[in-house]
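Below is one structure, written out as structure tokens, with a few remarks after it.
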Amino acid sequence: MNMDVAEACGTTAPFYQPTGQEEAVFRHAFRNRIPVLLKGPTGTGKSRFVEYMATQLRQPLITVSCHEETSSTDLIGRFIIKGAETIWIDGPLTTAVKTGAILYLDEVAEARPDVIVAIHPLTDHRRELFIDKLGTTVPAAESFMLVASFNPGYQRGYKELKPSTRQRFAGISFRYPDASSEAAILIQESGVEEGVATRLVKIAARIRNLRELGLAETVSTRLLVDAAKLIHSGLPRRLAVRTAMIEPLTDDDETIAALCDLADLMI
């Protein structure tokens, strides 16, 4: 389990380009103590959005990057031996519940099923966490908020959330921004020229529409930002596109060559 704790109060908000009414929805959900589920492909700004909203709401943020080994024990806490005594250490979920932080479970569908069981009482009217190893129930602080994300298209049919879980959250869908917004993001994040940003966005649009290649993932805005940064720092454009946008998508040499040929004509 990877965990990041950020004291968002008083810090500078990260750049975030709104694509709809997601900020208003998040604010109202926070005000009404409703958990939020962010849905969308990799690299569409879900994590950046949560960081941005934490600073806007002046709330501390605890982020947990979930994977197939993430368990409820990792989130709730465990006993450890310290010297001659055994002491209890709160996990990130318990810490967030007690302190009233925003807890962000990134890619929650990747975690073990017992994680979903553990968070269920926090996603309804009870808003409480049961710690079975201590035999205690902890009520959530007023400002506690649970936010989770997942990629509905990734390993479809294998890593899905049950309807009984999804219906406990307000949902916000994230998609790739329109061309002008995505170009604006690249310019802001990398300092690259507008003409280069526009070409990168056009390359991404072409690759995203190539369904016949059967790519597990397509070009994300995150990859575009990386390519723009490399170009802005002086790396040749075609090499930057290959390195940051194409190589991360596949290991198949023929597919890489075909995508490079396409990109070279456009950059």
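The values are calculated or read from the model by the stated rules, or taken from the named source; none is laboratory data. All values derive from a computational prediction rather than experimental measurement. We work out accessible area using only protein heavy atoms, side chains counted, and drop any ligands, DNA or RNA first. Shrake-Rupley method; radii C 1.70, N 1.55, O 1.52, S 1.80 Å.
Observations on the model:
- Averaged over its residues, the chain has an accessible area of 51 Å² per residue, based on protein heavy atoms and a 1.4 Å probe.
- Relative contact order %, the chain, counting alpha carbon pairs below 8 Å whose residues are six or more apart: 20 percent
- Heavy-atom SASA rank of 85, 217 (probe 1.4 Å, accessible area, largest first): 85, 217
- Kyte-Doolittle mean at least 0.0, axial Cα span of 15 Å or more - DSSP H helices of the chain: 179-190, 194-208, 221-232, 253-266
- When the pairs 98/229; 39/98; 46/229 are compared against a 30 Å limit on Cα-Cα distance, 98/229 fall above it.
- Expressed as a whole percent, the accessible area of the chain that falls on carbon and sulfur atoms is 49 (1.4 Å probe).
- 19 Å Cα-Cα reach of residue 133 towards aspartates and glutamates, excluding residues that sit fewer than 8 places from it in its own chain: 74, 85, 90, 114
- Translational diffusion of the chain, µm² s⁻¹ [Kirkwood Rh, Cα pairs; Stokes-Einstein; 37 °C; 0.692 mPa s]: 163 µm²/s
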